[in-house]
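The values are calculated or read from the model by the stated rules, or taken from the named source; none is laboratory data. What you see is a predicted model; the values in this text were computed from it and never measured. With ideal geometry, Cβ positions are generated from the backbone for all residues, glycine too; neighbour counts draw on all protein chains shown. With ligands, DNA and RNA removed, areas are computed over all heavy atoms of the protein, side chains included. Shrake-Rupley method; radii C 1.70, N 1.55, O 1.52, S 1.80 Å.
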Amino acid sequence: MGNEAHIISSDIGIGVNEKMGEALESSDNIPLLLTKSSSLKRTGTVWTAVAHIVTGVIGSGVLSLPWSTAQLGWLAGPLSVILIASITLFSSFLLCNTYRHPHPELGPNRSASYLDVVHLHLGISNGRLSGLLVNISLYGFAIAFVITTAISLRTIQHSFCYHNKGSEASCESVDAYYMLLFGAVQIILSQIPNFHNIEWLSVVAAIMSFTYSFIGMGLSIAQIIEKGHAEGSIGGITTSSGTEKLWLVSQALGDISFSFPFSTILMEIQDTLKSPPPENQTMKKASVIAVTVTTFMYLSCGGAGYAAFGDNTPGNLLTGFESSKSSYWLVNFANVCIVVHLVGSYQVYCQPLFATVESWFRFNFPDSEFVNHTYILKLPLLPAFELNFLSLSFRTAYVASTVVIAMVFPYFNQILGVLGSIIFWPLTIYFPVEIYLSQSCTEAWTTKWVLLRTFSIFGFVFGLFTLTGCVKGIVTEKIG
């Protein structure tokens, strides 16, 4: 996940209270922690930036790419991955040039976060809108984490069942139980202050995401070798009607768009780079290398998964191997990596939103004991910890709401597609284009202006198409 996966800080204050004077930080899709400081010593290089981007982009969303490739086929599938990668790269080029202001290389003013650069060039209203969109995506990521964790736990249970009882055994289980278990763990972890500042979590997330991605790819290649041929076709899976195919294509494109963008973490990464050379030049090189590496990995994983399963490609690649006897331990290990990854990622994605809401309450209700008073709680065999009733009630309700929504709409591919569709056009295309036009003072109706506006309009139509298809997919699954 795209995502999911995984973690750099990015300002996401929703503009509910500019007087607080400090926007909060978080991420859109990813595993890596950077903290912003006015006295930050910038020592980053092109290779550290590449590492941040790749680690930040690759997450559990990669497991949906074989399914996406299956809907699109051997021709449109890889081309769609390359197209969305190219859009992401072009968008990053636009943003790279707006880190410094007014000149992209010599300007004295820096924008250390996505929200900073939106505020600077497009004003507070657009800043609020971008913050709101990021917060909505963070809430959606939390729901996706619940669903994905439940799928992984179910796959582990099924794998053990098939291994012990045979591949023909009845190994049914209910995802809701696993979702409730995951929610109970998150309610406890949510009470830990500043959990999102644990930097080692980024390293663990990176290791876990690469591990299960390579395991899924390796198992797919092994299955192709065992069969002696590759499955799949040029046009993808067959459907009963053209309309059904159209909706599946839109959902597949939504899943792919979820897996790529890193616009909301780009400014934080660029803010770590040393100069000279100019930060925008270094960031452009890093973006090219990182997008190339990510695209190669996505094409490999998506292609291997589709070649292994053909029309029967599962929505989550690893679930296709749950009945395998020879590699059940490897499948279980990969799913354990996903669970470990998402248990931590859930908190990293949610803690900034917790801080935003709680800061708003404390600013507006300074005399409320419920909001502001902190109690010291000491339990046997445990160290003393702070407890605040506002934090306890709000965070518990937040986690419970994500679990309930996941239980009502437990649709992995469609949820990822909705998230990708919501954030792709506004955060990856619209705002970067508008910011670039503002800084470069591009005149209306010039060739550059027309091309960039056309690019933005294309992104809007694309995002609307994928969003419609994914929402339709959720409704269809629910009714079915």
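The table for this structure:
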| item | result |
| --- | --- |
| Considering residues of the range 357-408 that are at pLDDT 85 or above and among the aromatic types (Phe, Trp, Tyr) only, the residue nearest to residue 315 (Cα to Cα) | 398 |
| Qualifying residue in the range 404-412 (condition: within 24 Å of residue 86 (Cβ to Cβ), open to solvent by less than 80 Å² (accessible area, probe 1.4 Å) and of a type outside the set (Phe, Trp, Tyr)) | no |
| Per-region count, the range 175-206, residues modelled with pLDDT of 75 or more and either in contact with a strand residue (DSSP E or B) (Cβ under 9 Å, 6 or more places away or on another chain) or open to solvent by 70 Å² or more (accessible area, probe 1.4 Å) (or both) | 5 |
| Single match in 328, 346, 306 (criterion: more than 21 Å from the chain's Cα centre (by Cα) and closer than 28 Å to residue 143 by Cβ) | 306 |
| Options 336, 331, 348, 340; residue that is hydrophobic (A, V, I, L, M, F, W, C), touching a helix residue (DSSP H, G or I) at 6+ places or on another chain (Cβ under 6 Å) and open to solvent by 30 Å² or more (accessible area, probe 1.4 Å) | 340 |
| Residue satisfying all of: in the range 159-171; open to solvent by 20 Å² or more (accessible area, probe 1.4 Å) and part of a helix (DSSP H, G or I); modelled with the highest pLDDT among these | 160 |
| Test result for residue 318, of a type outside the set (Ser, Thr, Tyr) and either open to solvent by 10 Å² or more (accessible area, probe 1.4 Å) or more than 28 Å from residue 50 (Cβ to Cβ) (or both) | no |
| The one condition in (1) outside any helix (DSSP H, G or I); (2) touching a Phe, Trp or Tyr at 6+ places or on another chain (Cβ under 9 Å); (3) of a type outside the set (A, V, I, L, M) that residue 337 fails to fulfil | (1) |
| Subset of the range 98-107 [out of contact with any Gly (no Cβ under 6 Å at 6 or more places or on another chain) and buried (at least 21 other Cβ atoms within 10 Å of the Cβ)] | 98, 99 |
| Top-ranked residue in the range 270-292 [being at pLDDT 90 or above and over 20 Å from residue 113 (Cα atoms); ranked as most open to solvent (accessible area, probe 1.4 Å)] | 292 |
| The range 235-249: number of residues that are more than 19 Å from residue 78 (Cβ to Cβ) and among the charged types (D, E, K, R) | 1 |
| Qualifying residues in the range 57-70 (those that are touching an Asp or Glu at 6+ places or on another chain (Cβ under 9 Å) and open to solvent by less than 10 Å² (accessible area, probe 1.4 Å)) - the one farthest from residue 267 (Cα to Cα) | 70 |
| Test: residue in the range 108-128 that is closer than 30 Å to residue 330 by Cα, outside any loop (DSSP other than H, G, I, E, B), open to solvent by less than 10 Å² (accessible area, probe 1.4 Å) and not aromatic (Phe, Trp, Tyr) | no |
| Listing of helices (runs of 4 or more DSSP H) fully contained in the range 374-480 that carry 1 or more residues being farther than 30 Å from residue 100 by Cα and either of a type in the set (Asp, Glu) or over 19 Å from the mean Cα position of the chain (by Cα) (or both) | 389-408, 447-479 |
| Only one of 250, 220, 233 that is modelled with pLDDT of 90 or more, closer than 30 Å to residue 467 by Cβ, assigned to a loop (DSSP other than H, G, I, E, B) and open to solvent by less than 60 Å² (accessible area, probe 1.4 Å) | 233 |
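So that you can scan it fast, the table gives a plain yes or no per residue for (1) under 16 Å from residue 322 (Cβ atoms); (2) in a helix (DSSP H, G or I); (3) touching a Cys at 6+ places or on another chain (Cβ under 8 Å); (4) modelled with pLDDT of 90 or more:
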| site | (1), (2), (3), (4) |
| --- | --- |
| 132 | no, yes, no, no |
| 139 | no, yes, no, no |
| 142 | no, yes, yes, no |
| 152 | yes, yes, no, no |
| 173 | yes, no, no, no |
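Residue-wise test of (1) under 17 Å from residue 222 (Cα atoms); (2) among the aliphatic types (A, V, I, L, M).
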position	(1), (2)
303	yes, no
307	yes, yes
326	yes, no
331	yes, yes
336	no, yes
339	no, yes
343	no, yes
